[in-house]
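Remarks on the structure that follows.
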Amino acid sequence: MSSDKPRLTLSMVVRNEQGRYLRHALERHRHYISDAVIIDDGSTDGTPGLCLEMLQGIEVKLIRNQASRFSNEIELRRQQWEETVAVKPDWILNLDADEWFEDAFDGQVESLISRDGVYLYSFRLYDFWTMSAYRDDAYWQAHHYYRPFLLRYEPGYQYTWRETSQHCGRFPDNIYGLHNEISGLRLKHLGWARAEDRVSKHRRYMELDPGGINGSLAQYHSILDPEPRLLEWED
């Protein structure tokens, strides 16, 4: 992006993503971002090197945590936020390493971030249970709602966080106090698409939140449902 256009900073937390979806995600993102801030949360594989490889030619601020902070997510997300706003971004695109937008985003993102008076865009996120189908049932309905992923940073705004150890949100909790809009562009989440990942995530949720204080125990258990309702993705 040329210097007269708003800077779009990719903000991402990664951990042991080398053999998963990170390469594909960064390959897509690099076409429209200006720079990136990446927190490597205690990886023991080649994830940090892969980030630098895939974003070669783009300014990358890579922070490496020696030990993972994810068990207290608010601490990790605060770190991500503080490191990101320190580079003085115009816009922040906050995505995980297993997420990317549908193809149409590439051609429309410049128009989104060039609009005056808009500070936040929310999108529908689809939880894929295979590489071509997403889950749609009583427990998995994220795609029926809009969630914030693209934020114009306003230095004078007093941002505040939801103070919970899990499910604290990627952005500060009060961002809806800024003028915001929704977008029809869709976001794919591949983090549930492999059976081994679902087993691992179920185990992690039960270890970190066994009483369902920060989430839903019924949803946690539904992760292992052998016959979930799936819908094929249509471009």
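The values are calculated or read from the model by the stated rules, or taken from the named source; none is laboratory data. This is a predicted model, so every value here is computed, not measured. Cβ atoms come from the backbone with ideal geometry, glycine included; neighbour counts cover every protein chain shown. Side chains included, ligands, DNA and RNA excluded: accessible areas come from the protein's heavy atoms. Shrake-Rupley method; radii C 1.70, N 1.55, O 1.52, S 1.80 Å.
Overview of values
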item	result
Value of relative contact order over the range 137-224, rounded to a whole percent, pairs C-alpha under 8 Å and six or more apart	29
Between 0 and 90°, nearest 10: helix 73-85 axis offset from the chain longest Cα axis	20
Potential extension, Arg30-Asn174 segment - 0.36 nm per residue separation minus Cα distance	48.9 nm
Spin-label pair Thr44/Asn72, simplified geometry with 7 Å Cα→Cβ offset, distance in nm	2.2
Relative contact order [Cα under 8 Å, 6+ residues apart], the chain, whole percent	21
Heavy-atom accessible area ranking, 1.4 Å probe, most first, across His179, His24, His143	His179, His24, His143
Carbon and sulfur %, accessible surface of the chain computed with the full protein complex present, 1.4 Å	46
Evaluated at q = 0.12, 0.14, 0.15, 0.18 Å⁻¹: base-10 log I(q)/I(0), Debye formula over Cα of the chain	-0.69, -0.97, -1.13, -1.70
Length added when fully stretched, Arg64-Ser216, from 0.36 nm per residue minus Cα-Cα	51.6 nm
Estimated dipole of the range 140-219 in Debye, rounded to 20 [Cβ of Lys and Arg +1, of Asp and Glu -1, Cα centre]	340
5 angstrom amide H check on Asp90, placed H, neighbours 5+ away	Arg7, Thr9
Electrostatic dipole magnitude of the chain [Cβ: Lys, Arg +1; Asp, Glu -1; Cα centre; debye, to 20]	340
Cα-based shape type of the range 32-82, given that a ≥ b ≥ c are square roots of the gyration tensor eigenvalues and the cut on a/c is 1.5	oblate
Where Cα atoms sit under 24 Å apart: lysine pairs in the chain separated by 8 or more or lying on different chains	4
Fluctuation leader among Thr130, Thr84, Thr47 - the chain, Gaussian network, Cα springs under 10 angstrom	Thr130
Unit Cα scatterers, Debye sum, the range 1-119: log10 I(q)/I(0) for q = 0.11 Å⁻¹	-0.35
Spin-label proximity, Lys5 to the range 34-61 - amide N less than 14 Å from point 7 Å beyond Cα toward beta carbon	34-35
Only Lys, Arg (+1) and Asp, Glu (-1) charged, at Cβ; the range 101-235 dipole about Cα centre in debye	360
Dipole of the chain [Lys/Arg +1, Asp/Glu -1 at C-beta], most positive-end residue of Tyr145, Gly215, His31	Gly215
Angle in degrees between helix 195-208 and the longest Cα principal axis of the chain, rounded to the nearest 10	90
For the range 41-116 versus the range 150-198, the gap between their alpha-carbon centres in whole angstrom	12
Per residue accessible area in Å² of the chain, where ligands, DNA and RNA are left out and the probe is 1.4 Å	48
Peptides 56-66, 4-14 ordered by average Cβ neighbours within 10 Å, highest first	4-14, 56-66
All-pairs alpha carbon distance profile, the range 65-180, 10 Å steps from 0, percent	11, 39, 36, 14, 0
By accessible area with a 1.4 Å probe, ligands and nucleic acids excluded, highest first: order of Met206, Met54	Met206, Met54
